[in-house]
Amino acid sequence: MKLTDILTLEQWVAFEMDIHKRSGLDTNVFGTDGIRITDYKQWVNRFCPAIKADDRGQSFICAVAHMNIAEMARQAKEPVIEECDAGLLKLVVPIFIKDEFVGAVGACGLLLEEGEIDTFMVNKTLGMAEEDIAAMTHDIPHMPQSDVEELAGYIREQLDRILAETDPRK
């Protein structure tokens, strides 16, 4: 079962846009392989594009965070709220049809309430100067834990509604 068996790519993009508009987070739907299924991209800060522009950032920060947190969400069958290694909020909500894991919704790019950028780790991973990191991250907003939990609930409710309406296995 693929995500495009549930909704069209255009419908998944509309879902991603709705979550972004509601939360201010960069939002993507991922297949079971951890790869985004749409081309929709809405950067929420200046820091993330700089990390992803470097293969080391994409490989050792973004991809690793998504794979680890998505696996936690898959195993728990529940949303997981964590931070990537750079210190940014990462929310993953798994998508199941009955007991089959078919993908996940990921949202990221802001800081949790008490979160902070790990400038040391980013400097060591990418060689990016700590001053440059600070310049790109000083204005990244913090998101209260309660808002992230509310968003996770909203995403879960929307997925439940979508799956109830479109489950091809009925």
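The values are calculated or read from the model by the stated rules, or taken from the named source; none is laboratory data. Note that the structure is a prediction, hence the values are computed from the model and not measured. For neighbour counting, all protein chains shown are included, and Cβ atoms are generated from backbone atoms with ideal geometry for every residue, glycine included. Side chains included, ligands, DNA and RNA excluded: accessible areas come from the protein's heavy atoms. Shrake-Rupley method; radii C 1.70, N 1.55, O 1.52, S 1.80 Å.
Below, the figures for the structure above:
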| item | result |
| --- | --- |
| Some residue of segment 99-106 being at pLDDT 95 or above and either at positive phi or touching a Cys at 6+ places or on another chain (Cβ under 7 Å) (or both) | yes |
| Among (1) in contact with a Gly (Cβ under 8 Å, 6 or more places away or on another chain); (2) at pLDDT below 95 - the single one D54 does not satisfy | (1) |
| Test: V64 is free of Cβ contacts under 8 Å to residues at least 24 places away in the same chain, buried (at least 20 other Cβ atoms within 10 Å of the Cβ) and of a type in the set (A, V, I, L, M) | no |
| Residue count, segment 116-151 (criterion: outside any helix (DSSP H, G or I) and either of a type outside the set (G, A, S) or closer than 19 Å to S23 by Cα (or both)) | 11 |
| Strands (runs of 3 or more DSSP E) wholly inside segment 8-97 containing at least 2 residues that are more than 19 Å from G115 (Cα to Cα) | 26-30, 89-97 |
| Filter result for P79 (more than 22 Å from R161 (Cα to Cα) and open to solvent by 10 Å² or more (accessible area, probe 1.4 Å)) | no |
| Any hit, segment 11-25, residues being closer than 23 Å to G127 by Cβ and in contact (Cβ under 8 Å) with a residue 12 or more places away in the chain | no |
| Selection status of E100, within 16 Å of the chain's Cα centre (by Cα), charged (D, E, K, R) and more than 21 Å from C62 (Cα to Cα) | no |
| Lone unmet requirement of (1) out of contact with any Leu (no Cβ under 6 Å at 6 or more places or on another chain); (2) farther than 30 Å from I133 by Cα; (3) in contact (Cβ under 8 Å) with a residue 60 or more places away in the chain for G103 | (1) |
| Any hit, segment 88-96, residues being modelled with pLDDT of 95 or more, touching a Cys at 6+ places or on another chain (Cβ under 6 Å) and either farther than 26 Å from W12 by Cα or not aliphatic (A, V, I, L, M) (or both) | yes |
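Condition check ((1) farther than 21 Å from D139 by Cα; (2) modelled with pLDDT under 95; (3) not basic (K, R)) across all residues:
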{"site": "K2", "(1), (2), (3)": "yes, yes, no"}
{"site": "L9", "(1), (2), (3)": "yes, no, yes"}
{"site": "Y40", "(1), (2), (3)": "yes, yes, yes"}
{"site": "I61", "(1), (2), (3)": "no, yes, yes"}
{"site": "G109", "(1), (2), (3)": "no, no, yes"}
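For (1) open to solvent by less than 10 Å² (accessible area, probe 1.4 Å); (2) more than 19 Å from Y154 (Cβ to Cβ); (3) more than 10 Å from the chain's Cα centre (by Cα); (4) free of Cβ contacts under 8 Å to residues at least 24 places away in the same chain, each residue gets a yes or a no:
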{"residue": "I37", "(1), (2), (3), (4)": "no, yes, yes, no"}
{"residue": "V44", "(1), (2), (3), (4)": "no, no, yes, no"}
{"residue": "F47", "(1), (2), (3), (4)": "yes, yes, yes, no"}
{"residue": "A73", "(1), (2), (3), (4)": "yes, no, yes, no"}
{"residue": "P94", "(1), (2), (3), (4)": "yes, no, yes, no"}
{"residue": "A107", "(1), (2), (3), (4)": "yes, no, no, no"}
